[in-house]
Structures are given as C-alpha cells and as structure tokens.
Amino acid sequence: MAASLTSSLSSTFSTLSLRRFSLLSTHQQPNSLSLPKPLNFPSIRAQATDVDTTYFDNVDPDEITTFDPPEKPEDFIPPPSFDEGPQESEDEIAAAYEELYGPAYSGVSVLGNDVYVMDSKVKKTSSFGKVKKDKVRDGFEERVVQVRRVTKVVKGGKQLHFRAVVVVGDKKGQVGVGVGKAKEVVAAVQKSATNARRNIITVPMTKYLTFPHRSDGDYGAAKVMLRPASPGTGVIAGGAVRIVLEMAGVENALGKQLGSNNALNNARATVVAVQQMRQFSEVARDRGIPMEELWK
C-alpha cells in the first residue's frame with residue numbers, strides 16, 4: 001500500500017514539472033528585450049502619368065547666346081565707384097578705428113618693454129633678432145643734447161650702457177625733453193626721442209616770437225632765468241637752454257643758467273620756467289576783463 005502511494009506521488013510530481021517546463025519555454029521571460037513588429041502600410045507607387053517631363057528639343061546647347069539687358073531709364077544715375085571717392089586723411093582713419101576698437105594707444109605698453117609695440121608710424125622689419133625702425137616723420141625735429149656712458153655694478157662685474165638726452169620740437173611752439181638708456185647709442189637716442197614725444201608742451205609766444213613776460217624755473221640744483229627780448233636780438237643763451245628755445249621756435253629771448261651745469265636738469269628747468277608763463281588773453285579771461293584793461 002505504501003509503495004503504490006509513493007509511486008503515484010512521484011509520477012504526479014514528474015508530470016507537474018514537465019508542464020511547468022513547457023510553460024516557461026513557450027512564454028517569453030520578463031527581462032528579455034522584445035521589439036515591436038513593423039507595421040505594414042499599403043505601398044504607394046508613382047504612376048508614369050503623374051511625372052511632368054519637359055524636353056528642350058528646340059534648344060541647341062552649343063549655340064552662343066548674347067545677353068540683352070533691359071534699357072536704363074532716362075533719370076538713372078549710376079552709383080559712384082569705390083575708388084572714385086575722396087581720399088580719407090589719417091585723422092579720419094584714426095577716428096574711425098577709435099570708434100570701432102576704442103581709444104587709441106596711450107603710450108604705456110603692457111605687451112613688453114618694446115616702446116614701438118603699437119606704434120603704427122614705425123615700420124618694423126626683423127632680421128637676425130634685431131628690429132630696424134625707420135625715422136618717424138611727424139613734423140618734429142630731434143637734437144641730441146648729451147650722450148654719456150653709465151655703468152651698473154652687478155655681481156659679475158660692470159654693465160656698460162649709454163644715456164642720451166634729446167630735445168624734439170616743431171619750431172612752432174611745441175617742444176619736449178626726453179631721456180633714455182640702452183646698450184647702444186642709436187637705441188638710446190631712439191628711446192629718448194620717444195620719451196620726449198610723450199612730454200610735449202606748448203610754449204607761449206608773442207607775434208615777435210619772444211616770451212610774453214619773464215619767468216624763472218628750477219629743477220633739482222639747476223636754476224634757469226628767461227627774459228623776453230626785442231625783435232632782432234636773437235637767442236642769447238647757452239647749453240641746453242639754447243637748444244630747448246631754438247627747437248620751440250623762439251627767436252628773441254634771453255636765458256641764463258644759474259647753479260648746476262647738468263644738461264638734463266637745465267633742460268627740464270627751462271621747461272618748468274616755460275610752463276609758468278601765460279598769455280595776456282588767458283590772464284584777461286581769468287580776471288573777466290577785456291585785455292585792454294590789463295595795463296590800466
């Protein structure tokens with residue numbers, strides 16, 4: 001009895017396991033990826049009668065045709081050519097660039113020690129590591145006042161340089177004093193000339209090309225005395241004072257150096273004395289009175 005019961009249970013379990021295996025094989029597993037079946041759309045084919053084909057049977061591709069434009073109206077005025085317009089001056093071009101790209105170069109370079117970094121008036125042609133700079137033609141004349149050798153004592157010895165003092169002016173009332181140092185004399189003169197152009201001042205003068213009044217100036221231990229002179233006197237001065245006055249365009253003046261004989265300090269003292277001068281019109285305008293009442 002027990003043996004028959006055991007055999008019936010084993011057969012029952014075997015049939016259940018077979019049914020379970022068959023169900024798993026027929027159904028898809030939940031983790032498997034299943035792609036949707038593509039939809040069957042009815043096929044649409046273009047008919048031969050739907051296409052409109054035009055053939056140029058009457059046109060010869062090798063034939064040379066001439067362009068026949070329409071006639072121009074009577075009141076037609078052709079536009080001016082680009083090259084026929086008036087030539088723009090350098091000031092107009094500079095103003096246009098300043099309007100597009102901002103204010104012009106201020107004179108302070110942040111790209112290196114080269115003072116000609118953004119100077120468009122200086123042509124640069126590099127050759128073997130050296131830069132050749134053409135002389136600037138801006139109406140200013142240059143005159144070298146002094147060139148001295150200066151040395152700097154370092155750990156390995158002495159470094160020799162040259163210091164140049166240059167005065168630039170247009171002989172029309174504009175003058176400037178500059179100083180520069182370099183390892184070569186030519187480079188020192190160019191650097192000092194650039195420095196002088198950045199320190200341009202205006203010299204007040206009368207119609208007789210002399211000073212409006214007397215003035216004194218000092219710079220360091222150097223003192224300079226300037227006095228106006230009558231027409232035909234000329235420039236009676238010496239040293240750096242004479243060079244500064246001649247480059248400014250003064251033709252009748254008296255000058256005297258008092259104190260130090262240093263050329264750079266005397267030149268700068270002359271500039272200080274000139275800056276203290278004022279025209280009669282400026283004084284009358286500041287006082288609010290006509291210029292004729294200044295001598296009453």
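Observations
- Distant-in-sequence amide contacts of Ala222, defined by a placed amide H-H separation under 5 Å and a gap of 5 or more residues or a different chain, comprise Ser260.
- Nonlocal amide H pairs with Val175, under 5 Å, H built at 1.01 Å: Ile201, Val203
- Couplings 3J(HN,Hα) of the range 165-175, computed from phi: 10, 10, 10, 10, x, 9, 6, 10, x, 10, 8 Hz, in residue order, whole Hz [Karplus 6.51 cos²θ - 1.76 cosθ + 1.60, θ = phi - 60°; x for Gly and Pro].
- Cα gyration tensor shape of the range 138-296, rounded if a/c is under 1.5, else prolate or oblate by comparing a/b with b/c: prolate
- In plain terms, the chain from Asp91 to Glu282 could stretch by 65.9 nm, reckoned as 0.36 nm per residue minus the Cα-Cα distance.
- Label point of Ile200 set 7 angstrom out along Cα-Cβ; within the range 244-277, amide nitrogens under 15 Å from it belong to 247-249.
- Gain on full stretching of the segment that runs from Thr233 to Leu100 - 0.36 nm per residue minus C-alpha separation: 42.7 nm
- Cα-Cα P(r), the range 146-234, percent of pairs per 5 Å interval: 3, 12, 14, 17, 16, 14, 10, 6, 4, 2, 1, 0
- Among 182-191, 263-272, 64-73, sorting by the average number of other beta carbon atoms lying within 10 angstrom of each residue, highest first, gives 263-272, 182-191, 64-73.
Rule-based calculations on the coordinates, nothing more; no lab input. Here the structure is a predicted model, which means the values were calculated and not measured. No Cβ is skipped: glycine too gets one built from the backbone with ideal geometry, and neighbour counts run over all protein chains shown.
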